[in-house]
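Data first, discussion second: the structure below is written as C-alpha cells.
The values are calculated or read from the model by the stated rules, or taken from the named source; none is laboratory data. Predicted model, so just to flag it, every value in this text is computed and none were measured. So basically every Cβ, Gly included, is an ideal-geometry build from the backbone, and we count neighbours across all protein chains shown.
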Amino acid sequence: MVNTIISLAALALSVLTTLIEAAPAPSPAPWGPHFGSGFPVFPGFPGNHAPCTEDRIKIRKDFDSMAPEERKAFTDAINCMMTKPSQLNQTLYPAATNRYMDYAVTHVNLTQQVHLSGFFLTWHRYYIHLFEQDLAAQCGYTGAFPYWNWPATADNLHGSAVFDGSEYSMSGDGVYVDDGPVVLSPVFQVPHGSGGGCVNMGPFAGLQTTMAPIGIENLIAGLPLPDTAFQLNKTCLTRDLNTYVAQRYCNYTALYETLETDDLQTFDHLINGIIGGAELGLHSGAHFIMGAPASSIFVSVQDPIWWILHSMLDNLYTSWQIRHPDLAMAVYGTETANNAPPSPNVTIDTPEPGWGYFDPNRYPIRNLMNTTSGPFCYKYDVAL
Ligand SMILES: [Cu+2]
C-alpha cells in the first residue's frame, strides 16, 4: 500500500506579495545580551501582564539537554491532558475525545487560516503558549517547555533522547511496515522510513488518534473541510522515522541559510517549501521525519511530537527576529492558506482568527511578535 500523505508537503510558493512593515525604533531590552539591544519591545497586549523581567522569564530547553526526569514530567503532563474531559460539543466534534484532542480539533478547524498565511508564525507561537499554560493549570506542569533540535538529531534519530523509545523519550518509531515509498505528490516521493506502523514503546505507546487524514488538496484549493473531518476515527498512533528526510531537509546548512536570510518571504519559503513542488522546507521536512499523522498539515497535533517540533520552529523564528531586529515586526502572507480563496495581505494590525475556546480573542498580530512582552515571557536556552 502506498503511504499516501496529506500534508505539509506542499508548502507555499504563493503568489502573495511581500508586505514588510517598518519596524519601530528599537528600544533597549531590559535584560541581558540574549536579545541584543535592537530587539523592539512591544507594548499593548490587553489584560494584566506583569512585565517580563529577568527573574520571571522562563527558559525553553532542548529536549536532549533535559534530565530524564524532566523529560518524563513533560510527557506525563501531556498524558494527563489526555485524561481531562473535552469541552467541545460532542455532536459537532465526536473526535474530540478529551482535552488534548480539543487542541488537535481546534488546529484542524483553523488550518486553512493559520498555515501558508500571514498568521502562521504568530498564531502557532500563541497556541503553544496556551498549551503550556494549560499544562500548568490542568496538570501542574511547571517545568521547561522543550524543543526538538532537528539538525542536532538528524544523523541519529533512533538514538536521540527524543526518539529512543525509552520512558524518557517522546516515544520512538512505529513498528516496521513495508508499504513502499512515501508519496507526497504525483511528482515527489521519498524513501520509506524505518517504521510505518503503531508506536508501541515509550510514554505514548498505545495512544489512539481520533481523526482521519484530510487531503492537502482541500488546502490548496481553499475548499471547506470535508463533512467527515471530525468524525471519530480511532486508530493507533503511527510513525515512520525517516533519516533520509531528516538529513536532506533538516540539516545545519538549511538551518543557517534560513537564519541568515534577511527577508521574511524567503524565510517562509525556506521553512515551508513549495506547494506542489518536489522539495520540502526545514519545517515541513521536520513533519515528514515522522510520517503520518505528524506529517499532516491538518491532523498533526494528534502526535504529541507536534509540540516540541513547533517550539523548535518558534525558536527558529525567535532567533531570526533576534538576528534581524530591523525585521522583527515584518509580516508576510495573506489571511488564507496559499491565498485560496484570495484574501488581503496581513498587516501587523490584522486580527488573528482566535484559538477556539482556548482563547477566542482576536489579538492583532503585533501583540504576538515578541516572546518577552505582552502574554509572553520566555526565551530559548540557546539562540540559534
Ligand atoms: Cu499548524
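Which of the residues that make up segment 209-251 are among the aliphatic types (A, V, I, L, M) and not in a loop (DSSP other than H, G, I, E, B)?
Taking segment 209-251 and keeping what is among the aliphatic types (A, V, I, L, M), we get 211-212, 214, 216, 219-221, 223, 225, 229, 232, 237, 241, 245-246.
Residues satisfying the conditions are Ile216, Leu219, Ile220, Ala221, Val245, Ala246.
Name the pairs whose Cβ atoms lie under 7 Å apart, with the first residue in segment 316-327 and on the phi > 0 side of the Ramachandran plot, the second among the basic types (Lys, Arg) and modelled with pLDDT of 95 or more, and 6 or more positions between them or separate chains? Nothing qualifies. In segment 122-130, is there at least one residue being buried (at least 17 other Cβ atoms within 10 Å of the Cβ) and either of a type in the set (Asp, Glu) or at pLDDT below 95 (or both)? Checking segment 122-130: not a single residue is buried (at least 17 other Cβ atoms within 10 Å of the Cβ) and either of a type in the set (Asp, Glu) or at pLDDT below 95 (or both).
When segment 105-141 is filtered for residues that are more than 11 Å from the ligand (Cβ to nearest atom), of a type outside the set (S, T, N, Q) and more than 21 Å from Thr371 (Cα to Cα), the ones remaining, listed by number, are Val105, Cys139, Gly140.
Answer yes or no as to whether Ala161 is at pLDDT 95 or above, within 16 Å of the ligand (Cβ to nearest atom) and touching a helix residue (DSSP H, G or I) at 6+ places or on another chain (Cβ under 6 Å). Lay out the reasoning, then the answer.
Working: at pLDDT 95 or above: yes; within 16 Å of the ligand (Cβ to nearest atom): no; touching a helix residue (DSSP H, G or I) at 6+ places or on another chain (Cβ under 6 Å): yes.
For Ala161, the condition - at pLDDT 95 or above, within 16 Å of the ligand (Cβ to nearest atom) and touching a helix residue (DSSP H, G or I) at 6+ places or on another chain (Cβ under 6 Å) - is not met.
Just checking, does segment 216-235 include any residue being at pLDDT 95 or above, under 30 Å from Asp381 (Cα atoms) and either surrounded by fewer than 17 Cβ atoms within 10 Å (Cβ to Cβ) or touching a helix residue (DSSP H, G or I) at 6+ places or on another chain (Cβ under 9 Å) (or both)? For segment 216-235, residues at pLDDT 95 or above, under 30 Å from Asp381 (Cα atoms) and either surrounded by fewer than 17 Cβ atoms within 10 Å (Cβ to Cβ) or touching a helix residue (DSSP H, G or I) at 6+ places or on another chain (Cβ under 9 Å) (or both): absent.
Each row is one residue, and each column tells you yes or no for (1) more than 11 Å from the chain's Cα centre (by Cα); (2) more than 26 Å from Val177 (Cα to Cα).
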{"site": "Pro293", "(1), (2)": "yes, no"}
{"site": "Ser300", "(1), (2)": "no, no"}
{"site": "Ile305", "(1), (2)": "no, no"}
{"site": "His310", "(1), (2)": "no, yes"}
{"site": "Pro325", "(1), (2)": "yes, yes"}
{"site": "Thr334", "(1), (2)": "yes, yes"}
{"site": "Glu352", "(1), (2)": "yes, yes"}
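Checked against the criterion of being within 16 Å of the ligand (Cβ to nearest atom) and over 15 Å from His310 (Cα atoms), the candidates Asp102, Asp64 yield just one match: Asp102.
Number of residues in segment 238-283 that are among the β-branched types (Val, Ile, Thr), surrounded by fewer than 23 Cβ atoms within 10 Å (Cβ to Cβ) and closer than 19 Å to Ser311 by Cα equals 1.
Kindly provide the set of residues from segment 334-384 that are over 29 Å from Arg99 (Cβ atoms) and out of contact with any helix residue (DSSP H, G or I) (no Cβ under 7 Å at 6 or more places or on another chain), ordered by number. Selection gives Thr334, Asn339, Pro341, Pro342, Ser343, Pro344, Asn345, Thr347, Arg366, Val382. Residues in segment 67-88 that are farther than 26 Å from Ile216 by Cα and either within 16 Å of the ligand (Cβ to nearest atom) or part of a loop (DSSP other than H, G, I, E, B) (or both): Ala67, Met82, Thr83, Lys84, Pro85, Ser86, Gln87. A single member of Asn242, Asn272, Asn233, Asn218 is polar (S, T, N, Q), at negative phi, over 18 Å from the mean Cα position of the chain (by Cα) and within 16 Å of the ligand (Cβ to nearest atom), and it is Asn218. Taking every residue in segment 102-121 that is within 20 Å of Ile275 (Cα to Cα) and pairing it with any residue that is within 9 Å of the ligand (Cβ to nearest atom) and part of a loop (DSSP other than H, G, I, E, B), at least 6 positions away or on another chain, the pairs with Cβ-Cβ distances below 7 Å are Val108/Phe298; Thr111/Ile297; Thr111/Phe298; His115/Ile297.
Over 17 Å from Leu309 (Cα atoms) and either away from the ligand (no atom under 16 Å from the Cβ) or of a type outside the set (Gly, Ala, Ser) (or both): does that describe Asn149?
Details: over 17 Å from Leu309 (Cα atoms): no; either away from the ligand (no atom under 16 Å from the Cβ) or of a type outside the set (Gly, Ala, Ser) (or both): yes.
Criteria not met by Asn149.
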